[in-house]
Amino acid sequence: MFLRVPLFYWVVFFLYPLLAIVGLSFLSEGQLDFTAFQRIISRAYYRERLLFTFGQAALSTLLTLLLALPAAQVMATYDFRGKTVLLALATLPFVLPTVVVAAAFKALLGDLGLVNRWLMHVLPLTEHPLPFERSLALILVTHVFYNYAIALHILSGYWRTQSMRVEEAARSLGCSPWRLWLQVRLPLLRPALFSAAALIFVFCFTSFGVVLLLGDVQHATLEVAIYRQVNIDLPTAAALSLTQSGLLFLLVWLHSRWSQADLHTPALQSSTSRTRPPQNTLEKIWLRTHVAIATVLVGAPLLALGWRSLSHAAGPLTPEHYINLTQIHQGSLLFVSPLTTIANSLRFALITTCFAVILGTMAAYWLAQRRKKRRRFPHLQHALFMMPLTTSAVTLGFGFTVVFASASTPEWFRALRGSVILIPILHTLVAFPFVLRCVYPALKAIAPSLREAAATLGAAPAQRWFRLELPLLSHGLFIGAIFAFVLSLGEFGASIFVIRPQQPTLPIAIFRLLSQPQPANFGMALALSVILLAICAAAFASLNLLRNSAPGEIRW
Amino acid sequence: MWYRNLILFLILFSLVPVAAQEDGDETTTLTLLTHDSFDLPPALLAEFAEETGIELRILRAGDTGTLITQAILSANDPLGDLLFGVDNTFLSRALAADLFLPYVSDRLAEIDPRFWLEDEERVTPIDYGDVCLNYDRAYFAEHQLAIPETLLDLTKAEYAGLLVVQNPATSSPGLAFLLATVAVFGVESGYNYLDFWQDLAENDVRITEGWTAAYFGEFTAGSETGTRPLVVSYASSPPFTVDEETGEAATGSIVAPDTCFRQVEYVGILRGTENEVQAQRFVDFMLSRAFQEALPDSMYVFPVHPGAALPAAFSEHAQIPAEPVVISAAEIAAGRQEWTQAWLELMLR
């Protein structure tokens, strides 16, 4: 009974809001009503949103793969100095909050950004030469930045498992470099390419913060269109949200099918260590080119973010933007001093972490129990708990909005609206499946004989749990907790729907400051972004504590 | 071991401040929920605090559209004690959601009777402003361009790429301008407001989410990086662009007949407040001469109090349009959502 708490939680905070969205899009005053759907089918605007969403996702995916494919070959083939550092650096974007990334690209390529400032200084110009601000190009570049690491890891990982012999045979038969790529490498890599492409496509399909912050008002993915409709007509927003969720589930399903079917086929012959230093000048140039691309792509926006957060129009470096953060004056945009938003975010993230660790562990035990009873559909519950992860953040936040706006909502649910735990509850929805994923394998790995031995030796159940199981699970729990913490810190798409203006989180504060045109607000947004980035990086760095200890060694 | 201590500390840190925050302080603090453009001299609020012992905190929730949505979504547990900044364009939405408690201030009798609302005690008018097109004088002089005189002029080729407007779903001047076009061009067949907007789109109009982004981000006279010499703003904006040396305003507003929309901003006491009496005192204060006279300089708007003296720059450079467009509150209430949605579906493509 006790272990079913995660299931109740899932029903109340995930299923109920989702059903509320379904109800709102199909029902009007208790009657079936298809007006909202008719509207989104008949108006060109909504069709174009769909096309734009697919189009930008396809373009982003294509660009990412084009850049990552040769880089993956470099990583899989050559040894060179700084390779580990570069790989670690390339992974960084994946854990960065969207608002931080958006801020970084504005700091690099925006009207007030580093490149434009520098060009104006060097050329000398009075106006910024590069019109990247609010362009589709900026959205695409940011998506590439985000997904480059994923593509690189999937492709180079798969590449390493493939035999070199086919390639060597082709080469000795006089195959040209072009034919080598087109007829040997690409077909061999096809499963990994498909898998990476599907994953990147899904991420870009649900892109919200990046498009909202970097795009023009005309650039709207379905997510952004839902967000805009909330101010106008809730049923239309609900119908859009339902359409978006349906398409997303379909995409995720396709991805899981592709990656399951193909990625696990055994390689022809895998060799463990076959990376080598580049042999001739041509190879050296090729290697350096791709190392340079990766370094610039990942490094430049982050450096620009740091640099611009410390600089004014043209003058010397100054901590002024950071000092501004401590102040709250009458005309300030935020109700609280921007520094308070850091405390808010840390507090929300810590509560989320506690919730997620408790719920995730309970869910893991519950699933393990059910598994033993050999129920039908053993994977069903697992898949259910993972659903919040495959639902877009905007839909999660919007679901809460709909529940709060509905007259039939129970009073206790409504009371959450004013509560500090509302944000942690929302964040826990996406955080606890992560903990579950980290804990469940560890739990399954505990041999029953261990428990039995402990019981035979006279350990009480509680003692058994604290002295035996908890230490064995701690490794997974720690990783899950860090993920929950960072997820909550950077969460933006769902929070923006339910946040109370007097308790803004860091990402919300960054968003509001970035949407204002004044340079002072821009500077503060960048300074806050640097702080958020530092906290996330520190949290992930703490995962290294695990490296020196085998599972179970961390004591609580 | 340090581990356990760290985790205990983190858990305590996460819970203690929450408890402390919930307690609140003992002195009466009123929270005024408002939009991002709200501003007042701190001295005025200090004066109010001294007189009444009530401290005012200002909570900016975004653009007016966002503000009203936020207020409606948290209707049962209001985000503040009063809401200021709901105007005649969004008023129907706020009233339909029954956000406010009735209150009729004694000072209401002192204000211009034109702003009284019939049979409506839940909101009190505080200021008004005319949403009009503003232009950059230097740009038009330099390019020897004539100032547009009607809304339809904006669709002419010589004004291509010059105008920036706001999204009416989020911005209140944006909605006001949309309503002006509805009033001028109508919704019936023939050349209606959507045809006009279609032509504006073909004439490369730029759209921003809010007024601040349009005026300080895109308008040539409001921003260093701006590229648009025409902006939807207020007839009262030009006084703020007066050059101290020459005494000339850098911008002007177009006040020709049928180009402007009169916006009245209201304050209401939010249902669910625990400080109703104090909130009423603040409403009274907002109608006082001192407050009304501070409005033009801090918020670019005109006082509803006819006795309030205007600052010199204002009486000199702000123009009041003689014939703003007329569109009744009932018409706005019936059509606002449909017009906004049709606009969005046409313009944000």
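Where a number appears in this text, it was derived from the coordinates with a stated rule and is not lab data. Because the structure is a prediction, the values reported are computed rather than measured. In this analysis, Cβ positions are derived from the backbone assuming ideal geometry, glycine residues included, and neighbour counts consider all displayed protein chains.
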Mind checking which aspartates and glutamates have their C-alpha under 13 Å from A:K444, skipping anything on the same chain fewer than 8 residues away? A:E469
Please list, in order along the stretch A:70-75, the HN-Hα scalar couplings obtained from phi with the Karplus expression 6.51 cos²θ - 1.76 cosθ + 1.60 (θ = phi - 60°), rounded to whole Hz, x for Gly and Pro. x, 5, 5, 5, 4, 5
Cβ under 12 Å from A:F398's Cβ, A:F398 left aside: what net charge do those residues give with Lys, Arg +1 and Asp, Glu -1? 0
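Which of rounded, prolate, oblate describes the stretch A:160-253, given a ≥ b ≥ c as roots of the alpha-carbon gyration tensor eigenvalues and a/c under 1.5 marking rounded, otherwise prolate only if a/b is larger than b/c?
Since a/c reaches 1.5 and a/b is larger than b/c, the shape of the stretch A:160-253 is classed as prolate.
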Please say if chain B is rounded, prolate or oblate, where rounded means a/c under 1.5 for a ≥ b ≥ c the square roots of the C-alpha gyration tensor eigenvalues, and otherwise the choice is prolate for a/b larger than b/c and oblate otherwise? prolate
Could you pull out every one of the aspartates and glutamates with an alpha carbon less than 15 Å from that of B:K156, ignoring same-chain neighbours closer than 8 positions? B:D195, B:D199, B:E202, B:D204
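Cα gyration tensor of the protein assembly as shown, axes a ≥ b ≥ c as square roots of the eigenvalues: rounded (a/c below 1.5), prolate (a/b > b/c) or oblate?
Note, shape of the protein assembly as shown comes out prolate.
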Do the sum for chain B: with -39,500 (n - 2.57) for every DSSP H run of n ≥ 4, divided by all residues, what is the mean residue ellipticity at 222 nm, to the nearest 500 deg cm²/dmol? -11500 deg cm²/dmol
Within the set of other residues whose C-beta is less than 9 Å from the C-beta of B:G210, count the net charge using Lys and Arg as +1 and Asp and Glu as -1. -3
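Run the numbers on chain B and let me know its relative contact order in percent, using alpha-carbon pairs under 8 Å that are six or more apart.
For chain B, the relative contact order is 25 percent.
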Indicate, rounded to the nearest 5 percent, the antiparallel portion of the DSSP beta bridges found entirely in the protein assembly as shown. 65 percent
Once the other residues with Cβ under 12 Å from the Cβ of B:L295 are scored (Lys, Arg +1; Asp, Glu -1), what is the net sum? -4
Summing -39500 (n - 2.57) over every DSSP H run of at least 4 residues in chain A and dividing by its residue count gives a helix-only mean residue ellipticity at 222 nm, to the nearest 500 deg cm²/dmol, of -22000 deg cm²/dmol
